[in-house]
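> Let me begin by handing over the structure; questions about it come next.
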Ligand SMILES: [Zn+2]
């Protein structure tokens with residue numbers, strides 16, 4: 001899983017990823033280019049952006065809900081994989097093509113994208129806090145009850 005800093009950088013740059021072609025272009029070095037379910041076009045249809053790391057070459061991220069997915073095989077259906085793990089992603093639930101949205105609908109959608117970012121970062125911060133709490137508790141207990 002990516003760090004909060006990486007998630008923040010993605011959130012700030014992904015406002016350009018509402019555009020389908022921009023998402024497709026991120027898949028230039030994607031291993032599944034044709035003849036399968038997870039081609040760049042189908043990945044982009046599902047709102048996904050290719051964001052590989054050194055040790056994770058097939059990591060993709062939804063530009064909208066920031067869900068990360070990896071471990072792709074040619075038979076994987078990107079839309080299905082995305083909605084299975086993020087059933088409330090507002091991009092997937094859109095009833096219109098992006099180019100058909102009114103300005104008001106776009107502002108509403110962008111508000112939902114901000115909410116998804118805040119929710120994701122908040123849950124990551126809470127997980128960090130719980131980990132810190134567990135470590136502090138173990139440290140205190142080992143001092144109270146040394147072996
Ligand atoms: Zn999503």
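The values are calculated or read from the model by the stated rules, or taken from the named source; none is laboratory data. As the structure is a prediction and not an experimental result, all values here were calculated from the model. FYI the Cβ positions are ideal-geometry reconstructions off the backbone, even for glycines, and counts take in every protein chain you see.
> State yes or no: is residue 114 in a strand (DSSP E or B) and either within 16 Å of the ligand (Cβ to nearest atom) or in contact with a strand residue (DSSP E or B) (Cβ under 7 Å, 6 or more places away or on another chain) (or both)?
Judged against the criteria, residue 114 is not a match.
> Just checking, which of 90, 116 is in contact with a helix residue (DSSP H, G or I) (Cβ under 6 Å, 6 or more places away or on another chain) and closer than 30 Å to residue 39 by Cβ?
90
> Being part of a loop (DSSP other than H, G, I, E, B) and touching a helix residue (DSSP H, G or I) at 6+ places or on another chain (Cβ under 9 Å) is the filter; apply it to the stretch 52-79 and report the residue that is surrounded by the fewest Cβ atoms within 10 Å (Cβ to Cβ).
Within the stretch 52-79, the match that is surrounded by the fewest Cβ atoms within 10 Å (Cβ to Cβ) is 77.
> Considering only the stretch 15-28, state which residues are in a helix (DSSP H, G or I), modelled with pLDDT of 95 or more and out of contact with any helix residue (DSSP H, G or I) (no Cβ under 7 Å at 6 or more places or on another chain).
Those that are in a helix (DSSP H, G or I), modelled with pLDDT of 95 or more and out of contact with any helix residue (DSSP H, G or I) (no Cβ under 7 Å at 6 or more places or on another chain): 21, 25.
> Can you tell me which of 44, 136 is surrounded by 11 or more Cβ atoms within 10 Å (Cβ to Cβ), without any contact (Cβ under 8 Å) to a residue 60 or more places away in the chain and part of a helix (DSSP H, G or I)?
44
> Condition first: under 13 Å from the mean Cα position of the chain (by Cα), on the phi > 0 side of the Ramachandran plot and surrounded by 15 or more Cβ atoms within 10 Å (Cβ to Cβ). Can you find one or more residues in the stretch 80-101 that meet it?
No, because not a single residue in the stretch 80-101 is under 13 Å from the mean Cα position of the chain (by Cα), on the phi > 0 side of the Ramachandran plot and surrounded by 15 or more Cβ atoms within 10 Å (Cβ to Cβ).
> If I go through the stretch 27-45 residue by residue, how many of them are within 15 Å of the ligand (Cβ to nearest atom) and in contact with a strand residue (DSSP E or B) (Cβ under 8 Å, 6 or more places away or on another chain)?
So the count comes out to 1.
> Between residues in the stretch 87-105 that are at pLDDT below 90 and residues that are within 16 Å of the ligand (Cβ to nearest atom), which pairs lie under 7 Å by C-beta distance while being six or more apart or on different chains?
98/18
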